[in-house]
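Peer 1: My structure is below; once you've seen it, I'll send some questions.
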Amino acid sequence: MAFLENETIYLEDSNGKRSWVKVAYGMIKVPSLGAIDGSRFKDLEEGDIITIVGREYTVFRPGVLELMESLDRGAQVIIPKDAATILLHCDVKCGDKVIEVGAGSGGLTTALLHAVAPEGHVHTLELKLENAQRAQRNVARVGLDRHWSFAIGDAREMPVEVEWQADVLTMDMPDPWLALDNLEKHLRPGGRVCAYVPNMNQAEAIVTALRERGYSNVRAMENMQRALEVHPGGVRPSFDMLGHTAYLVFARKRSGNKV
Ligand SMILES: C[S@@+](CC[C@H](N)C(=O)[O-])C[C@H]1O[C@@H](n2cnc3c(N)ncnc32)[C@H](O)[C@@H]1O
């Protein structure tokens, strides 16, 4: 399918460097590449090559991975290895309604929105206006803001103004166990919870709180991912590794009904 006006796409050079473009069928300014005649994108398909000032670039639509890697970062973001685990363990899918605590830079928000769109919705509770605004710019840049709302306040006590019960509740905040009283009534029975905490004492506190509240399948884990360097005649693990990001705690809400 040809590229449409207002689509956000990227051009990849032979070194894998990406330049981002918002398609318009007139002259477009692309940082570091200069001005391009945007009408050329009308005749291109994904994976085609475009030559700009003698250099070749492959044209792609972004997936969630590239969107997350290209965020304007402020607060620490949840990176793809953890976001992927959250999406799977919380079974996040098109049409789901999600309550998220902690917009930060919009890293996890981007992954959640990408999964629930175009039918679902993510509502994010964030303490700091400047973080919510950065996340808003990040999700608007790629057109996912249509499925997003946010409210500023403390998730431990603020009113949650949504007219639905969520399928999923994610909490990237220092003390998620203190937010359960306020938030769990907005999660449907059978809904899934994820807490994302960097320290073991926090993981213990949220696991204990979820067990005491009767949640099902409460579990904690950590994700480690190491790249491989693959070269002719030599294949080895990369020397660089992000050893620890955070612990992921998952659980599922019971209804409490007995029949
Ligand atoms: C590490 S950042 C979240 C990063 C985000 N998940 C991402 O992937 O970009 C944590 C965020 O939680 C917010 N926060 C911390 N405590 C909070 C609370 N009690 N209520 C709402 N937001 C809170 C912080 O202001 C911060 O923006």
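Peer 1: Just one of GLY243, GLY214, GLY256 is loosely packed, with under 15 Cβ neighbours inside 10 Å, without any contact (Cβ under 8 Å) to a residue 24 or more places away in the chain and assigned to a loop (DSSP other than H, G, I, E, B); which is it?
Peer 2: Being loosely packed, with under 15 Cβ neighbours inside 10 Å, without any contact (Cβ under 8 Å) to a residue 24 or more places away in the chain and assigned to a loop (DSSP other than H, G, I, E, B) holds for just one of GLY243, GLY214, GLY256, which is GLY243.
Peer 1: Go through segment 83-104 and count every residue that is over 19 Å from GLU119 (Cα atoms) and in a strand (DSSP E or B).
Peer 2: Looking only at that region, the number is 1.
Peer 1: Somewhere in segment 89-106, is a residue within 14 Å of the ligand (Cβ to nearest atom) and acidic (Asp, Glu)?
Peer 2: Within segment 89-106, one or more residues are within 14 Å of the ligand (Cβ to nearest atom) and acidic (Asp, Glu).
Peer 1: While we're on this one: Restricting to segment 216-247, name every residue that is touching a helix residue (DSSP H, G or I) at 6+ places or on another chain (Cβ under 6 Å) and aliphatic (A, V, I, L, M).
Peer 2: Passing the criteria: VAL218, ALA220.
Matching residues to (1) over 25 Å from THR85 (Cα atoms); (2) under 14 Å from the mean Cα position of the chain (by Cα); (3) not assigned by TED's automatic domain parsing to the domain that holds LYS97:
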residue	(1), (2), (3)
PRO118	no, no, no
ASN131	no, no, no
VAL142	no, yes, no
ILE152	yes, no, no
ALA155	no, no, no
TRP177	no, no, no
ASN182	yes, no, no
TYR196	no, yes, no
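Peer 1: Among the residues of segment 115-132, what is the count of those that are within 15 Å of LYS93 (Cα to Cα) and either without any contact (Cβ under 8 Å) to a residue 24 or more places away in the chain or more than 13 Å from the ligand (Cβ to nearest atom) (or both)?
Peer 2: 7
Peer 1: When the residues of segment 133-169 are narrowed to those that are within 13 Å of the ligand (Cβ to nearest atom) and polar (S, T, N, Q), which ends up surrounded by the fewest Cβ atoms within 10 Å (Cβ to Cβ)?
Peer 2: Checking each candidate, the answer is GLN133.
The values are calculated or read from the model by the stated rules, or taken from the named source; none is laboratory data. Quantities reported herein were computed from a predicted structural model and do not represent experimental measurements. Ideal geometry is used to build each Cβ from the backbone, glycine not excepted, and the neighbour counts take in all protein chains shown.
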